[in-house]
Every structure is written in structure tokens, then in C-alpha cells.
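Take a look at the structure set out below.
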Amino acid sequence: MKFLKNIFHILLIIILLYSCSEVPTPKPRGYFRATFPEKKYSVFNSDNLPYTFDIDSCCFMEHEESRTGEKYWSNLVYSFMNAKIHLTFSYIDNNLEALIEDSHTLAYKHTVKADAIEKIAYFNDSVSVYGLLYNLKGNVASPIQFYLTDSTKHFLRGSLYFNSTPNKDSLLPSVEYIREDIKRMFETLKWK
């Protein structure tokens, strides 16, 4: 009996020593699952702005006072995500190249934090809307920036900002949700 107890203890010690040979690794940080309302679009048309486009019912447009006296600054606000698409509009006055270069410069200021910047061109000849979308990858302050123009009279620039610390993993579902709205904006934009 004593012999069986000793064998049992020896076997128990051997099992414990071999079972603890694996190095424990911490679990990656998880994020809450984001749920978003169903998209319902309607035409946004303001007498104060020289363009119209479809917006989702979960967001609203607010006028923003410009520090430089610009008349057509506005924000497309996603209050449930604590996000805004800052929209600036300018009439073209022989300065299209400067406006495009300014948009390019503002997008590429994020290269310090960006892992990559993807550019997607947009053309819609039927309503004279042309533009460029910048998808900025990584922990950047503004993951999406864009401009739209008719190349003769109108120029609209937009940039998405979240009022939170940039974290590409936790913000990705929200960015993708808003990206669909920006795509809809591109497809439905009309100049007045």
C-alpha cells in the first residue's frame, strides 16, 4: 500500500512538472461589438450650401463658423459615434490646382502615423462630379479624406475625424460604416 502511494505521488509530480512546460501568453485586448442603425437615406438640401447629396438619417448637418470668414463650412455629425466629417466648400477662381494641392498636402500630413495611404479616383461625367478619396491606414487622426469638384466652379473637401484617441482596431467598424455614407455622397452629389 505504501509502495502504491509513493508511485502515485511520483506520477503526480511528473505530471505536474510536464503539464507546466507551456509558457502562458496573454489574450489580446478585445473591443465591444459595435452595432449601427439601419441606413435610411434622404436628400440633404440647404439654401445655405451650393450642393446637395444624400445623408443617412442617423446623422445631421451643422454649420460651422470659419475662423477665416469662409461662408460654406459645415460638418456632417455622427453624434452616436462621436465623429464628424468636416466639409469645406470653395468656389473655384482660377485656383483649382492650388485647392487640389492643398487637399493633397493635408492628407499627406498624416504620413507620420499612417501605415499606408490609398488613393481612389472618382469620375461621374453625367453630373460633372470628379474627385479623389484618400484612405489612410493606421492610427491616424483622419482615416478618410476626399475632395470633389466639377473642375470649373465648385470644390468640396471633406475629412473624417473621431473625437477620440486614434485606434485603427476599435474604430474600424465605425470607419467602414461612414465610408458607405461617403460613397453614397460621391454618387448623389449635385451642384446647384
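Restricted to the range 63-81, and to residues there that are small (Gly, Ala, Ser) and part of a loop (DSSP other than H, G, I, E, B), the residue that is farthest from Trp191 (Cα to Cα) is Ser79.
Which one of Asp169, Asp125 is under 25 Å from Asn82 (Cβ atoms) and among the charged types (D, E, K, R)? Can you show your working first?
On the way: Asp125 fails: under 25 Å from Asn82 (Cβ atoms).
Criteria check complete, one pass: Asp169.
Each residue in the range 135-157 was checked for being over 16 Å from Leu76 (Cα atoms), open to solvent by 20 Å² or more (accessible area, probe 1.4 Å), among the hydroxyl-bearing types (Ser, Thr, Tyr) and in contact with a Phe, Trp or Tyr (Cβ under 9 Å, 6 or more places away or on another chain), and 1 pass. Kindly indicate whether any position in the range 3-19 is at pLDDT 75 or above, open to solvent by less than 60 Å² (accessible area, probe 1.4 Å) and either in a helix (DSSP H, G or I) or not charged (D, E, K, R) (or both). No, the range 3-19 has no match at all.
Checked against (1) in contact with a Phe, Trp or Tyr (Cβ under 9 Å, 6 or more places away or on another chain); (2) farther than 20 Å from Met185 by Cα, Val127 meets all criteria but (2).
Set side by side, the residues Lys71, Lys84 differ, and just one is crowded, with 17+ Cβ neighbours inside 10 Å, over 16 Å from Glu180 (Cβ atoms) and of a type in the set (Lys, Arg), which is Lys84. Considering only residues in the range 109-122 that are modelled with pLDDT of 90 or more and closer than 21 Å to Ala83 by Cα, the one that is most open to solvent (accessible area, probe 1.4 Å) turns out to be Lys109. In the set (1) among the aromatic types (Phe, Trp, Tyr); (2) closer than 22 Å to Lys190 by Cβ; (3) open to solvent by 30 Å² or more (accessible area, probe 1.4 Å); (4) touching a residue at least 24 places away in the same chain (Cβ under 8 Å), the condition left unmet by Phe60 is number (4).
In the range 32-42, of all residues being open to solvent by 100 Å² or more (accessible area, probe 1.4 Å) and not basic (Lys, Arg), the one that is modelled with the lowest pLDDT corresponds to Phe32. Scanning the range 165-192 for residues that are open to solvent by 60 Å² or more (accessible area, probe 1.4 Å), over 28 Å from Pro50 (Cβ atoms) and more than 10 Å from the chain's Cα centre (by Cα) gives Thr165, Asp169.
Scan the range 108-143 for residues that are touching a residue at least 40 places away in the same chain (Cβ under 8 Å) and of a type in the set (A, V, I, L, M, F, W, C) and the total you get is 3.
Residues that are over 24 Å from Glu180 (Cα atoms) and part of a strand (DSSP E or B) within the range 87-99 comprise Ser90, Tyr91, listed in sequence order.
The values are calculated or read from the model by the stated rules, or taken from the named source; none is laboratory data. Note that the structure is a prediction, hence the values are computed from the model and not measured. So basically every Cβ, Gly included, is an ideal-geometry build from the backbone, and we count neighbours across all protein chains shown. Heavy atoms of the whole protein, side chains included, go into the accessibility calculation; ligands, DNA and RNA do not. Shrake-Rupley method; radii C 1.70, N 1.55, O 1.52, S 1.80 Å.
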